[in-house]
Amino acid sequence: MAYEATGRLHEIFDEQQVSEKFRKREFVLEVQDGQYPEHIKFQMVQDKTALIDPYKIGDEVKVTFNLRGRGFNKNGQMLYFTNLEAWRIESAAGGAAPASTGGGYSQQAAPAPRPAANQNPNLRAQPAAPIASDDDNDLPF
């Protein structure tokens with residue numbers, strides 16, 4: 001199921017090549033929720049990592065994302081983690097993405113294809129993230 005969040009870009013991280021076949025890039029969106037802002041970290045994977053390039057810290061954006069979860073077995077105990085996987089980023093004003101200062105071009109995510117009536121639009125084939133062994137596991141638990 002797709003979700004949306006609108007807020008101010010607070011931080012943008014560099015792309016990480018996790019394995020030979022998997023890369024990701026993370027960013028933090030500051031979202032106003034009552035009196036205190038929330039800082040929410042999103043990730044983009046594979047060919048979506050460049051979606052954030054036209055934007056800079058402080059820009060107001062609308063992020064469309066999927067909620068992803070995965071379990072893995074570590075030393076006989078099942079552990080779980082959750083990711084907010086962004087697949088579209090656009091200006092909060094609803095216009096096109098701002099022009100990139102580096103190349104003078106504009107980049108905007110393509111619209112999501114319409115699913116058939118009985119298909120879930122968020123189930124799409126993606127390469128599975130590799131499951132790390134305990135030796136090269138960088139998860140904090």
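The values are calculated or read from the model by the stated rules, or taken from the named source; none is laboratory data. Here the structure is a predicted model, which means the values were calculated and not measured. FYI the Cβ positions are ideal-geometry reconstructions off the backbone, even for glycines, and counts take in every protein chain you see.
Just one of the listed residues (LEU51, LEU79, LEU67) is closer than 20 Å to GLU30 by Cβ, assigned to a strand (DSSP E or B) and modelled with pLDDT of 50 or more, and it is LEU67. Considering the stretch 1-39, and only residues there that are of a type in the set (D, E, K, R) and in a loop (DSSP other than H, G, I, E, B), the residue that is farthest from LEU84 (Cα to Cα) turns out to be GLU20. If you take the residues of the stretch 35-84 that are within 15 Å of ALA5 (Cα to Cα) and of a type in the set (Val, Ile, Thr), which of them is surrounded by the fewest Cβ atoms within 10 Å (Cβ to Cβ)? Across the stretch 35-84, the extreme among qualifying residues is THR64.
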